[in-house]
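First comes the structure, then the notes that go with it.
The values are calculated or read from the model by the stated rules, or taken from the named source; none is laboratory data. Computed from a predicted model, the values in this text were never measured in an experiment. Quick reminder, even Gly has a Cβ in these numbers, built from the backbone with ideal geometry, and neighbours come from all protein chains shown.
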Amino acid sequence: MTASPSAQPFKANELEKTGKPKLAFRPLLVPQVDVHGFWGDRADAVASATAGILYDRCVEARMLEQIDPDRPSPGVVIPFHVSDGFTARTVTTQMFWDSDWGKTIETAAYSLYRRKNPELEKKIDAVIDMYEKLQRPDGYLSSWYQRIQPGLRWTNLRDCHELYCAGHLIEGAVAYYQATGKRKLLDVMCRFVDHIATVLGPQPGQKHGYCGHEEIELALVKLARVTGEQKYMELAKYFIDQRGQQPHYFDEEARARGADPKDFHFKTYEYNQSHIPVREQDKVVGHAVRAMYLYSGMADIATEYGDDTLRAALDRLWDDLTTKSLYITGGLGPSADNEGFTSDYDLPNESAYAETCAAVGLVFWASRMLGMGPNARYADMMERALYNGSISGLSLDGSLFFYENPLESRGAHNRWKWHRCPCCPPNIGRMVASIGSYFYSLADDAVAVHLYGDSTARFDISGVPVSLTQASRYPWDGAVGITLEPQAPVEFTLHLRIPDWSASAELAVNGDPVNLDDVTSDGYAAIRRTWKKGDQVRLDLEMPIERLYANPQVRQDAGRVALSRGPLIYCVEATDNESQLHRLTLPRTAPVEAQLRPELLGGVVTLSTTAQADAGDGWQSGLYRPEPPATTQTRLTAIPYFAWDNRESGEMLVWLRDG
């Protein structure tokens, strides 16, 4: 794998100057990890299709006109929101366009690193040139407030996504620098953040504000890490610490612009998690994506500062989400009304919102929790969200998208080309393109393997360059072979995740068995030794087919069962099954078989079994009768949930009737 021809990427860790607690783990950078196999196929689809599609569809939506100072302003292209007959004078998805460009740049950056594409690189360079030209002399940068609503900057942080857009542009800038070595956008965003730090902060005369849509917090951590500038980390910490403090900034801001603070569409600051200070929060509430981005930023700051008060709050929030408000797919946020959470155990299937961005955000949060040390409770959930609730949002060929990810469909829910609020396409694109950074993390004298699959990681430990290569057919097979190639013998700890779904596992080093009970803590086997060139590690994970049942308080899943194998949740589609899906019952005694189908959906393992189907005979005379329907035996075939709606449209079901 090579970098874009225009420039070589910077050397890993050359700018990692910020201090960190000794036990902190940081993810390897995208240029340090090559992925193949399952995730390689998906990254290739993003590099060959999605990255270019994102650019083209941004242009079609007229986003390029808004950022190009050499063209006339396009004006308001997407109308302001209308709710209950009231036109909200402050909110339109058009004001988020800078964030869509930021994520598109990030997707393109990592795709360019994976696969040379001079045409796409030239287009992205031109977009960056526009942003550089658009930037004000004081560093300010917002296409919306410069081109569409000039004179209103920093007047409505609650609703208008000024800092959110900055955050995504920061992430795009970091990615483009890491992948291509070009730092023009990085310098632009550093100037903008320097400006932000003069406007917002704790000092007298500054606005004591933060964004209504969290995102900039985690972006600033990335910027601090890549530049070595601690002031960017301090700004991220300020935004975390200030959120929800009294007097409430959003109330003061509303009064300053002549508005009633109560004139807020969502009525409660729980919507944007600013109802109370973050360290006091113990309930996952409000807009799901905002929550995941906030918790991601909190986890980064907890890692960087060794902040146990943040860690305690995060653990409370994690427990609340995973025990009361999470879909089996790793999707979250059941309601379209607030794009987020409702009440405990409210997990409807057919109407599930479960926004792609929310599952991506859960991956971000879980990954960052691993910064505080390997712990399978986070890594297992990261894997669940990765393989199910997030990549379901992208078609196998990388061209079509889901915004919502229901767990049941009558056939009318299909992938779309674009959306008025196109946040999900570039979000899933950038996550898949950067997937290698979720596989591994590095501490001073340890490396953790969080995800399994064909890949090669390169890193320095104790000053010694090390190459670590995985060979595996994961997630279809649980056998994992790891080869270590340090340039010189070096002592460090290798942490290997033992997934909770694996009923049994076997581990060996250079053919010698390792007793997992002796070396496993928090779901990770820790092997400390002096590693030499050619050392071999073998991990065999049993991949059982499991019937999964929901907490009885989840009323929508009462009397129903779902199927899983390894990290994958399965669903049934009409195209593979003869009966209408709601008529099917899965007997508890029916054996379920796994079969590798290389010709199906790019190569998947299907599950098949004998099921019972309600017969439709004898109901011609009416809707109801005293006798139950007769049943017939039928064959049931299930596919991985992430792959549904990649063939002809039809019904889909995750939760089957339990027999």
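Here residue 474 passes the criteria (1) exposed (fewer than 14 other Cβ atoms within 10 Å of the Cβ); (2) in a loop (DSSP other than H, G, I, E, B) except the one numbered (1). Of the set (1) surrounded by fewer than 18 Cβ atoms within 10 Å (Cβ to Cβ); (2) touching a Phe, Trp or Tyr at 6+ places or on another chain (Cβ under 7 Å), all apply to residue 343 but (2).
Test residue 222 against the criterion of being surrounded by fewer than 21 Cβ atoms within 10 Å (Cβ to Cβ), within 21 Å of the chain's Cα centre (by Cα) and in the same structural domain as residue 111 (by TED's automatic domain parsing), and give yes or no. Lay out the reasoning, then the answer.
Working: surrounded by fewer than 21 Cβ atoms within 10 Å (Cβ to Cβ): yes; within 21 Å of the chain's Cα centre (by Cα): yes; in the same structural domain as residue 111 (by TED's automatic domain parsing): yes.
Yes.
In summary, residue 607 fulfils each of the numbered conditions (1) assigned to a strand (DSSP E or B); (2) more than 32 Å from the chain's Cα centre (by Cα) with the single exception of condition (2). When 581, 596, 600 are screened for being over 28 Å from residue 41 (Cα atoms) and out of contact with any Lys or Arg (no Cβ under 7 Å at 6 or more places or on another chain), only 581 passes. Sub-9 Å Cβ pairs linking a first residue in the range 241-261 that is outside any loop (DSSP other than H, G, I, E, B) to a second residue that is aliphatic (A, V, I, L, M), at least 6 apart or interchain, are 241/278; 241/301; 242/200; 249/157; 250/157; 253/157; 253/259, ordered by first then second residue.
The residue of the range 498-536 that is surrounded by the most Cβ atoms within 10 Å (Cβ to Cβ), among those that are among the β-branched types (Val, Ile, Thr) and more than 23 Å from residue 377 (Cα to Cα), is 509. Scanning the range 262-308 for residues that are part of a helix (DSSP H, G or I) and not hydroxyl-bearing (Ser, Thr, Tyr) yields a total of 19. Against the conditions (1) of a type in the set (A, V, I, L, M, F, W, C); (2) crowded, with 21+ Cβ neighbours inside 10 Å; (3) not in a strand (DSSP E or B), residue 480 satisfies every one except (3).
Just the residues that are among the small types (Gly, Ala, Ser), out of contact with any helix residue (DSSP H, G or I) (no Cβ under 8 Å at 6 or more places or on another chain) and not in a loop (DSSP other than H, G, I, E, B), please, taken from the range 499-540.
Residues of the range 499-540 that are among the small types (Gly, Ala, Ser), as a first pass: 502-505, 508, 511, 521, 523, 525-526, 534.
Going one step further and asking which of them are out of contact with any helix residue (DSSP H, G or I) (no Cβ under 8 Å at 6 or more places or on another chain), we end up with 502-504, 508, 511, 521, 534.
508, 521 - these are the residues of the range 499-540 that are among the small types (Gly, Ala, Ser), out of contact with any helix residue (DSSP H, G or I) (no Cβ under 8 Å at 6 or more places or on another chain) and not in a loop (DSSP other than H, G, I, E, B).
The condition of being without any contact (Cβ under 8 Å) to a residue 60 or more places away in the chain, buried (at least 24 other Cβ atoms within 10 Å of the Cβ) and either assigned to a loop (DSSP other than H, G, I, E, B) or of a type in the set (Phe, Trp, Tyr) (or both) holds for only one of 359, 354, 385, that being 354. Only one of the numbered conditions (1) assigned to a helix (DSSP H, G or I); (2) within 19 Å of the chain's Cα centre (by Cα); (3) of a type outside the set (Val, Ile, Thr) is violated by residue 214, and that is (1). Among the residues of the range 541-559, none qualifies, meaning not one is aromatic (Phe, Trp, Tyr), surrounded by 19 or more Cβ atoms within 10 Å (Cβ to Cβ), outside any helix (DSSP H, G or I) and touching a residue at least 12 places away in the same chain (Cβ under 8 Å). Any residue at all in the range 428-439 that's among the polar types (S, T, N, Q), outside any helix (DSSP H, G or I) and over 14 Å from the mean Cα position of the chain (by Cα)? No - not one qualifying residue is present in the range 428-439. Considering (1) over 22 Å from residue 25 (Cβ atoms); (2) surrounded by 15 or more Cβ atoms within 10 Å (Cβ to Cβ), the lone condition that residue 495 does not fulfil carries the number (1). In the range 83-166, counting only helices (runs of 4 or more DSSP H) that sit wholly within it, the ones holding 2 or more residues that are among the hydroxyl-bearing types (Ser, Thr, Tyr) span 97-114, 143-147. Just one of the listed residues (466, 480, 509) is touching a residue at least 12 places away in the same chain (Cβ under 8 Å) and under 16 Å from residue 35 (Cα atoms), namely 480.
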